[in-house]
Structure formats: C-alpha cells, structure tokens
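The values are calculated or read from the model by the stated rules, or taken from the named source; none is laboratory data. A quick note: this is a predicted structure, and the numbers were derived from the prediction, not measured. Reconstructed Cβ throughout: ideal geometry from the backbone, glycine too, with neighbour counts over all protein chains shown.
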Amino acid sequence: MGEKKKFEYLEHMADIYVATYGKDLAEAFENAAVALFDTMTRVEDIAPNIEDYLEVEGEDEYALLYSWLEALLVKFETDEMLYSKFQVQEIIKDPEGFSLKARIWGEKFNPQKHISKVGVKAVTYHRMEIIKEPKKVTLKFVLDI
C-alpha cells in the first residue's frame, strides 16, 4: 500500500491551485510547504542539508497559512534557499491571533541540480480554504505564477 497523498494540484485557468492534506493542521501546513517548493522544482532533488528556523504570525488560520507560505517564498527569493523537509513544532492561538514555529531543512538553489518548473510570484488568499474534519485537515490555496 502506498504512502498517503500529501498534496495535489487542482484545476485552475491561470495559476496553480493546490490542495494539501494532513492528520492535523501542522502536518497540512508542512505539506503545503512541500507543495510550494514542488511547484518550483522537483522537491526530491532538494537535499535537507541546511537547517533553518521560521516563525510567522497571522490574525487567523488563513493569515497564518498565507504568512507561512509567503515567508518560505521570501527565503527562496532573498537567500536563494530551497527547502524539502518541514517540521511545524507548534501552532499557538492567543488573544492576538496565531503563531507558528517550525524547523525547515534545505539547500542553496543550484541551477544545474534544481530544474526550474514554474516561477511562483506570490501566495494569494484567492480560493483559500481550511477544512477540518476528524483526523484530517485539508488546505486549499492558489499560487500566483
């Protein structure tokens, strides 16, 4: 029996529409990050050699998802880092909103090793959904390409 599906690309006219899955919100966020980088290159070609730490905040879970993906995209654009392994350590809800702390692993972009698929310009709120069911969370979001 194969591994559970972590994400899939959904039909969209101009951009990349993604659904990611997890047993809980943290795992679904991890898989959203995998989907982001797999949109840009083959994620299996990204060696998890360099460990980094990321902390983001959002007023609600939607803003937190946006902030998470946006922060990863900014790390790619400013530090030329690609990531393939993600561990969301905690998602905390407090009176000000939500915060997420995660460890991430990857390596510097190497054009000889990392074949470019599609350039992601931005994360959007367009068609964003967070669907919580018992023992399953589905995230849907659009990446502007």
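Any residue at all in segment 67-76 that is modelled with pLDDT of 95 or more, within 12 Å of the chain's Cα centre (by Cα), in a helix (DSSP H, G or I) and among the small types (Gly, Ala, Ser)? Within segment 67-76, one or more residues are modelled with pLDDT of 95 or more, within 12 Å of the chain's Cα centre (by Cα), in a helix (DSSP H, G or I) and among the small types (Gly, Ala, Ser).
Taking segment 41-75 as the range and being of a type outside the set (Gly, Ala, Ser), within 30 Å of residue 112 (Cβ to Cβ), in contact with a Leu (Cβ under 9 Å, 6 or more places away or on another chain) and surrounded by fewer than 22 Cβ atoms within 10 Å (Cβ to Cβ) as the test, the residues that pass are 41, 43, 45, 54, 73, 75. Residue 12 falls short on exactly one of the conditions (1) at pLDDT 95 or above; (2) more than 14 Å from the chain's Cα centre (by Cα); (3) surrounded by 14 or more Cβ atoms within 10 Å (Cβ to Cβ), and that condition is (1). Within segment 100-123, the residues that satisfy the criterion of being buried (at least 16 other Cβ atoms within 10 Å of the Cβ), within 15 Å of the chain's Cα centre (by Cα) and either assigned to a strand (DSSP E or B) or of a type in the set (Ser, Thr, Tyr) (or both) are 100, 102, 104, 105, 106, 123. The residue pairs whose first member lies in segment 129-145 and is hydroxyl-bearing (Ser, Thr, Tyr), whose second member is part of a strand (DSSP E or B), and whose beta carbons are closer than 9 Å, counting only pairs six or more residues apart or on different chains, are 138/19; 138/20; 138/21; 138/22; 138/129; 138/130; 138/131; 138/132. Just one of the listed residues (53, 62) is in contact (Cβ under 8 Å) with a residue 60 or more places away in the chain and either touching a Phe, Trp or Tyr at 6+ places or on another chain (Cβ under 8 Å) or under 18 Å from residue 29 (Cβ atoms) (or both), and it is 62. All of 98, 109, 86, 76 fail the test of being farther than 24 Å from residue 140 by Cβ and of a type in the set (Phe, Trp, Tyr), apart from 109.
Considering (1) under 16 Å from residue 125 (Cα atoms); (2) modelled with pLDDT of 95 or more, the lone condition that residue 17 does not fulfil carries the number (2). Considering segment 77-98, the residues that are more than 15 Å from the chain's Cα centre (by Cα) and not charged (D, E, K, R) include one that is nearest to residue 57 (Cα to Cα), namely 98.
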